[in-house]
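Written out below as structure tokens is the structure these notes cover.
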Amino acid sequence: MTGWLRAHARALGAALGRIFRHPAASLLEAIVLGMALALPLGLYVAIDGVHAFASRHASAPELSVYLALGADQRAIDAVRARLEGLDGVDRVDFISRQDAAKALRKSAGLAEALDALPDNPLPDAFAIHGGGWGASRLERLRSEIALWPQVALVQVDAGWARTLEAAAKLGRAVAALLGVMFGLAALAIVFNTVRLQLLDRRDEIELSRLIGATPGFICRPFVYLGALQGLLGGAVALLLVLAASAWLNAALVDFSIAYGAHLSFRAVPWGVAGAILAGAGLLGATAARLAAGRQLWA
Amino acid sequence: MIRFEHVDKRYPGGIIALQDVSLRIERGELVVIAGASGAGKSTMLKLIAAVEQPSAGRVSVNDEDLRGLRARALPYLRRQLGLVFQDHKLLFDRSVFDNVALPLAIAGLGRKETSRRVDAALDKVGLLGRSHASPIALSGGEQQRLCIARAIVHRPAILLADEPTGNLDPDHAGAIATLFESFNRAGVTVVIATHDRVVIERLRPRRLDLQAGRLLEAAP
């Protein structure tokens, strides 16, 4: 066990030594790797922000049912009963015309305009929360309810949020695909870097083989070098995404507020950051192992 | 300890390096393989170190048939050997100490033991005071001695030397020969491929003469 640990410590020391002996080249490699990894990671962060925004709004009522202005309590009760009897309805909230007017006064600053009117122009309404209806089902429901007596208007509320959420889902898939593509690019970068290191060290490798080094002994420092390069690249990618999202966040918040929404980039969660670093390290180690194996077989 | 049985070695292009060579080298022997350039001396050493495989016949080391040796076992066979190369194969971006320490790193020895053994090996070849120097700063004779220190530092059972005095003057060649003699006296089997008369006369070894790949004086 001690010998095994010693061999790994020696290999890690050799890999660190190579990085510190060539700091400029190592930094450049880390930046190239970091940029390759930052692109899918940045896209992931952007889409995560959109997804969070869409999720917040997707939980809003799916349908709003506005009653005719003269609807009495019997009509209200009848509509409520029919709405509650619909398949897939989770909750039906009644919003009286008085409550609606109060809310409008508070939220939109329309108090003066409302006061100027002779009567409350708002109807009684129902907010219907459903269990994940699709767009076509929502449309069918809207048409069906619109035909009920005392129903003036039916509006699909959360449709846009659902669409945005679906787009975010698609965006995530695209980010994953880009992640694979840029991951392969990162693999190629590390593979080539290690291949050059192997060529640079071919005399040492040849000598080591002649005097009894195992393939593991020869490959190990290069695998550690690849893993360290991957880790550094992952760290650079995280820093780039962090810096870019901090830089863009203020502008994005201002922009979204102008449209009555609050959209912002969220910080990369610790778990994701850890996974990025571990993944990048593993990617680097794999590329290095492939390069070293190829060299040894050659 | 080392056995050749009807060994042929042909290289691609039809070059015949060895023809029907049979010999036996016992533990603790001091043997010189002599012959002109191209006679097949280096090929014999390469076959013993399993760097090359025979085209026909059988080579065994320590009763191990090298034909059947698995790739995984090869490094461990080579750790029983000490190799002195004609071109030294020194690592010029490492210190003298690090060059000698390489076989011990491969064997997985600790820092303290490595330091002790490297110092002892360098002391034996007269380079103890140069351990922090770069090999590039050494003379040809010193580089050869450094190569010998690296070959003996892990205490091999067999020492194989390919033209170890190739570029040295007679005085330095004599000193190198004396080193091999001292290792042999300590129990190491020494096999030297050379055409250097100084080495042969100094050591008075068992001599195997090769001519165009054929062994002129076969082992008993």
Report task. From A:Ala25, A:Ala46, A:Ala9, grab the single residue that is more than 14 Å from chain B (Cβ to nearest Cβ) and over 30 Å from A:Val253 (Cβ atoms). Result -> A:Ala25
Query raised in the report: So A:Arg201 clears everything in (1) more than 30 Å from A:Met35 (Cβ to Cβ); (2) within 14 Å of another protein chain (Cβ to nearest Cβ) except one condition, right? Which one?
Result: (1)
Query raised in the report: Any idea which of A:Ala235, A:Ala175 is closer than 30 Å to A:Ala267 by Cβ, open to solvent by less than 20 Å² (accessible area, probe 1.4 Å), in the same structural domain as A:His22 (by TED's automatic domain parsing) and touching a residue at least 40 places away in the same chain (Cβ under 8 Å)?
Result: A:Ala175
**Report entry** Residue in region A:154-168 that is modelled with pLDDT of 80 or more, out of contact with any helix residue (DSSP H, G or I) (no Cβ under 6 Å at 6 or more places or on another chain) and open to solvent by 50 Å² or more (accessible area, probe 1.4 Å) present
**Finding:** yes
Query raised in the report: For region B:27-55, how many residues meet the condition of being farther than 21 Å from B:Pro205 by Cα and open to solvent by 40 Å² or more (accessible area, probe 1.4 Å)?
Result: 5
Requested in this report: Please list, ordered by first then second residue, the pairs with beta carbon atoms under 6 Å, 6 or more apart or interchain, first in region B:67-84 and more than 9 Å from chain A (Cβ to nearest Cβ), second part of a helix (DSSP H, G or I) and open to solvent by less than 20 Å² (accessible area, probe 1.4 Å).
Outcome: B:Val84/B:Cys147; B:Val84/B:Ile148; B:Val84/B:Ala151
**Report entry** Single match in A:Ala14, A:Ala52 (criterion: within 14 Å of chain B (Cβ to nearest Cβ) and touching a residue at least 24 places away in the same chain (Cβ under 8 Å))
**Finding:** A:Ala14
Requested in this report: Among the numbered conditions (1) buried (at least 17 other Cβ atoms within 10 Å of the Cβ); (2) within 11 Å of chain A (Cβ to nearest Cβ), tell me where B:Phe92 comes up short.
Outcome: (1)
Report task. Look at B:Leu30 and say whether it is closer than 16 Å to B:Ala212 by Cα and in contact (Cβ under 8 Å) with a residue 60 or more places away in the chain. Result -> no
**Report entry** Qualifying residue in region A:62-75 (condition: modelled with pLDDT under 85 and surrounded by 13 or more Cβ atoms within 10 Å (Cβ to Cβ))
**Finding:** yes
Query - Hey, B:Gly129 within 10 Å of another protein chain (Cβ to nearest Cβ) and loosely packed, with under 15 Cβ neighbours inside 10 Å or not - result: no
Report summary line: If we keep only residues of region B:106-120 that are within 17 Å of B:Leu74 (Cα to Cα) and either more than 11 Å from chain A (Cβ to nearest Cβ) or open to solvent by less than 40 Å² (accessible area, probe 1.4 Å) (or both), then the residue nearest to the chain's Cα centre (by Cα) is B:Ile106
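Results for (1) of a type outside the set (Val, Ile, Thr); (2) not in a helix (DSSP H, G or I), shown as yes or no for each residue.
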{"position": "B:Pro164", "(1), (2)": "yes, yes"}
{"position": "B:Val190", "(1), (2)": "no, yes"}
{"position": "B:Glu201", "(1), (2)": "yes, no"}
{"position": "B:Asp209", "(1), (2)": "yes, yes"}
**Report entry** Failed item, numbered, when B:Ile176 is tested on (1) touching an Asp or Glu at 6+ places or on another chain (Cβ under 7 Å); (2) buried (at least 22 other Cβ atoms within 10 Å of the Cβ)
**Finding:** (1)
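The values are calculated or read from the model by the stated rules, or taken from the named source; none is laboratory data. The shown structure was predicted, so the numbers you read here are calculated from the model rather than taken from an experiment. Every residue, glycine as well, gets a Cβ built from its backbone with ideal geometry; the counts of neighbours run over all protein chains shown. Surface areas here come from the heavy atoms of the whole protein model, side chains and all, with no ligands, DNA or RNA. Shrake-Rupley method; radii C 1.70, N 1.55, O 1.52, S 1.80 Å.
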